[in-house]
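This is the structure I want to talk about, given as structure tokens.
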Amino acid sequence: MSIASQQGGGTGAMRQNIIELLEFPRQWIPDHIELEMCPYSGLYNQTDHHCERCTYKSECHWLFNNGEFLELCKRPSPTLLASLELALWLIDVHRCYDTHTRHCSCDLCTWCQQTEKLLTAH
Ligand SMILES: [Zn+2]
């Protein structure tokens, strides 16, 4: 089963690009949420009120929804774009603008720039 065979709207190259950009937050988010107090080690539990009230609810929920590469390949492009937009928002909340200035070229800032560019273009 190839990615190109999945019809979800949008060109294959664009979809590939979105899926590649979704990879970064899947690595980054778990490293930047504090899991000491989490009874589920960051594995979002839909049925527990603890998760509903948690500070990292949005982050864990995002990971819960976007954890599987093969699942992502099956989704329509607008859904992928929405996930990417949410990931950018979640990551931007944690980005410190004192250290990550406008000209910063670290992985995080590079990802944010690429993502913003892609989202603006579509
Ligand atoms: Zn940076």
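When both residues are 6+ apart or on different chains and their Cβ atoms are under 6 Å apart, which pairs have a first residue that lies in segment 34-61 and is among the hydroxyl-bearing types (Ser, Thr, Tyr), and a second that is assigned to a loop (DSSP other than H, G, I, E, B)?
Hits for this filter: Ser41/Leu35; Tyr56/Ile33.
Starting from segment 98-110, take each residue that is under 20 Å from Leu21 (Cα atoms) and of a type outside the set (Asp, Glu) and list its partners that are modelled with pLDDT of 90 or more and not in a loop (DSSP other than H, G, I, E, B), counting only C-beta distances under 6 angstrom and pairs at least six apart or across chains.
Between residues of segment 98-110 that are under 20 Å from Leu21 (Cα atoms) and of a type outside the set (Asp, Glu) and residues that are modelled with pLDDT of 90 or more and not in a loop (DSSP other than H, G, I, E, B), the close pairs are His100/Cys109.
Determine, yes or no, whether Leu43 is modelled with pLDDT of 90 or more and either loosely packed, with under 13 Cβ neighbours inside 10 Å or not hydroxyl-bearing (Ser, Thr, Tyr) (or both).
Numbers: modelled with pLDDT of 90 or more: no; either loosely packed, with under 13 Cβ neighbours inside 10 Å or not hydroxyl-bearing (Ser, Thr, Tyr) (or both): yes.
Against the criterion (modelled with pLDDT of 90 or more and either loosely packed, with under 13 Cβ neighbours inside 10 Å or not hydroxyl-bearing (Ser, Thr, Tyr) (or both)), Leu43 does not qualify.
Still on this model: I'm trying to understand the selection: among the residues of segment 63-122, which are farther than 25 Å from Leu43 by Cα, within 16 Å of the ligand (Cβ to nearest atom) and aliphatic (A, V, I, L, M)?
Residues satisfying the conditions do not exist here.
For segment 81-92, check the following and say yes or no: at least one residue is of a type in the set (D, E, K, R), surrounded by fewer than 18 Cβ atoms within 10 Å (Cβ to Cβ) and at pLDDT below 95. I'd like the intermediate steps shown before the answer.
Kept after step one, since they are of a type in the set (D, E, K, R), are these residues of segment 81-92: 85, 92.
The next check asks that each one be surrounded by fewer than 18 Cβ atoms within 10 Å (Cβ to Cβ); those that pass are 85, 92.
From what is left, the residues that are at pLDDT below 95 are 92.
Among the residues of segment 81-92, at least one is of a type in the set (D, E, K, R), surrounded by fewer than 18 Cβ atoms within 10 Å (Cβ to Cβ) and at pLDDT below 95, which makes the answer yes.
The values are calculated or read from the model by the stated rules, or taken from the named source; none is laboratory data. This is a predicted model, so every value here is computed, not measured. Glycine gets a Cβ as well: all are built from the backbone with ideal geometry, and neighbour counts include every protein chain shown.
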